[in-house]
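Colleague: Below is one structure. I have some questions about it.
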Amino acid sequence: MDLNLFDFHLPEELIAQTPLLDREASRLMVLNKKTGEVEHKHFPDILDYLQPGDCLVLNETKVMPARLFGEKEDTGAQIEVLLLKQEEKDEWETLVKPAKRVKIGSVISFGDGRLKAECVGIGEQGGRKLKFHYDGIFYEILDQLGEMPLPPYIKEKLDDKDRYQTVFAKEIGSAAAPTAGLHFTEKLLEKVKQKGVKLAFITLHVGLGTFRPVSVDKIEEHDMHSEYYYMSDETAQLLNTVKAAGGRIITVGTTSTRTVETIASANDGKFIGSSGWTSIFIYPGYEFKGIDGMITNFHLPKSTLIMLISSLAGRENVLKAYEEAVTERYRFFSFGDAMLLI
């Protein structure tokens, strides 16, 4: 399938640079995945489309302040480090800039030496394996010294770190937020529950591969990044119960979708408590085994994310809806508006 089939015109000024003051203030486009019909709403109107017996699946991963700025101990050169994945207790897969200055044995100091990192391995495209040395609790030090790793298309500085976390974030480990969940407040989630809609929580730690552009002409040749996921026995049982009773499973975001589909695909449409690494790549032609609907943000042209939603609602329906979103000046991507595919 040709990559250009997922291209569309996106004016740069529609990429939201800052979050709205009120999480619920986002607009909501509702796309009927069967007919392609579009409605323009506001996010709290999502309650009108949820039914008693439905279940929302939310990703409770928490973003690490994973961007660190330090200096090489021997030369004083300024080094930027981005934590990607914890491999062993204090060893991390990272991206380093400028990578050519960091060789095996190089030591980088952060926060006047409160945290130090020794390079113990070299990977591709600026990848470095770093072993960290510190006194105290790593994540507490990281919270004090690190910055939120905002996506590359966001140029503005984030004033409030909490606005790049969902209100239900719990399990630390993501390099990026599951941004469809940013629209929910605790008050709105309470209204969802009062309507008789169940809430199910999973974890998928988002890697920076989610922002990696597709660089092949035929999308089937794209290598999907691998991300850690976890579903508890309790969540699996809840989802099986909802499905057996005829309720709809509606995922909040592409990360929740990939987790649910990874597990359902491996178990003939059933759910079991499990954890592991998923590199599932969902594009048109894929048959969904677990979900019935989805809440998501607006995605970039030619991205694996727009391929995923095209597989659920049809490529032509999605591109037509996106064309309307551009005309109506919806805000795109991480801090942007929302879409309900139902």
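The values are calculated or read from the model by the stated rules, or taken from the named source; none is laboratory data. Only a predicted model underlies this, so the values are computations on that prediction, with no experimental measurement involved. Here the Cβ is made from the backbone with ideal geometry for all residues, glycine too, and neighbour counts use every protein chain on show. When the accessible area is computed, the model is the full protein with side chains, heavy atoms only, and any ligands, DNA or RNA have been set aside. Shrake-Rupley method; radii C 1.70, N 1.55, O 1.52, S 1.80 Å.
Colleague: If you count only protein heavy atoms with a 1.4 Å probe, what accessible area per residue comes out for region 100-242, rounded to a whole Å²?
Modeller: Heavy-atom accessible area per residue stands at 53 Å².
Colleague: Continuing with this model, one more query. Carbon and sulfur together cover what percent of the accessible area of region 239-322 at a 1.4 Å probe radius?
Modeller: Looking at region 239-322 in its full context, I get 49 percent from C and S.
Colleague: Follow-up question, since we're still on this one. Throw me the Rg/Rh for region 1-122, computed over C-alpha atoms with Kirkwood Rh, two decimals.
Modeller: Using only Cα positions, Rg/Rh for region 1-122 is 1.15.
Colleague: Something else: If I take R0 = 35 Å and measure r between the Cβ atoms of Glu140 and Leu199 in this structure, what FRET efficiency does the formula 1/(1 + (r/R0)^6) give, to the nearest 0.05?
Modeller: Calculated value: 0.75.
Colleague: What ³J(HN,Hα) values, in whole Hz, does the Karplus curve 6.51 cos²θ - 1.76 cosθ + 1.60 give for region 171-186 when θ = phi - 60°, with x put for Gly and Pro?
Modeller: Each residue's phi maps through the Karplus curve to give 9, 5, x, 8, 8, 7, 7, x, 5, 4, x, 5, 7, 8, 9, 4 Hz.
Colleague: Taking a quarter of the surface of the Cα convex hull of region 146-198, what do you get in nm²?
Modeller: Across all orientations, region 146-198 yields a mean hull projection of 4.7 nm².
Colleague: Now for a separate question. Checking the cross-link filter: which aspartates and glutamates have an alpha carbon closer than 20 Å to that of Lys193, excluding same-chain neighbours under 8 positions apart?
Modeller: Of all the aspartates and glutamates, those that pass the test against Lys193 - Cα under 20 Å, at least 8 places apart if same chain - are Glu24, Asp45, Asp48, Asp54, Glu60, Glu234, Asp292.
Colleague: Averaged per residue, what accessible surface does region 273-342 expose to a 1.4 Å probe, in Å²?
Modeller: Counting only protein heavy atoms, the per-residue value for region 273-342 is 34 Å².
Colleague: Taking Cα atoms of region 103-171, Rg/Rh with Kirkwood Rh, to two decimals?
Modeller: Checking Rg against Rh, the ratio lands at 1.02.
Colleague: Per-residue ellipticity at 222 nm for the chain, helices alone: DSSP H runs ≥ 4 residues times -39500 (n - 2.57), over residue total, nearest 500 deg cm²/dmol?
Modeller: The per-residue figure over the chain is -5500 deg cm²/dmol.
Colleague: In whole percent, what relative contact order does the chain give with Cα contacts below 8 Å and a gap of six or more residues?
Modeller: Contact order relative to length: 26 percent.
Colleague: Cα-Cα over 25 Å: which of Lys129/Lys157; Lys62/Lys187; Lys62/Lys191; Lys97/Lys170; Lys161/Lys187?
Modeller: Listed pairs above 25 Å: Lys129/Lys157; Lys97/Lys170.
Colleague: Right, here's the next one. Can you pull the one-decimal nm distance between simple spin-label points at Leu5 and Val326, each 7 Å off the Cα toward Cβ?
Modeller: Taking the simple label geometry, Leu5 and Val326 are separated by 1.9 nm.
Colleague: Could you give log10 I(q)/I(0) at q = 0.21 Å⁻¹ for region 221-323, computed by the Debye formula over C-alpha point scatterers of equal weight, without solvent?
Modeller: -1.14
Colleague: In region 199-218, whose amide N lies under 15 Å from the spot 7 Å out along Cα-to-Cβ of Ala245? List them in ranges.
Modeller: Those under the cut-off are 199-200.
Colleague: Per the 1.4 Å probe, what fraction of the accessible area of region 35-94, in percent, lies on carbon and sulfur atoms?
Modeller: About 42 percent, which is the carbon plus sulfur part of the accessible surface.
Colleague: Measure nothing fancy, just the Cα-based angle from helix 304-313's long axis to the longest principal axis of the chain, in degrees from 0 to 90, nearest 10.
Modeller: Between helix and principal axis, roughly 10 degrees.
Colleague: Multiplying the sequence separation of Lys100 and Lys170 by 0.36 nm and subtracting their Cα-Cα distance, what value in nm do you get?
Modeller: Between Lys100 and Lys170, full extension yields 21.6 nm more.
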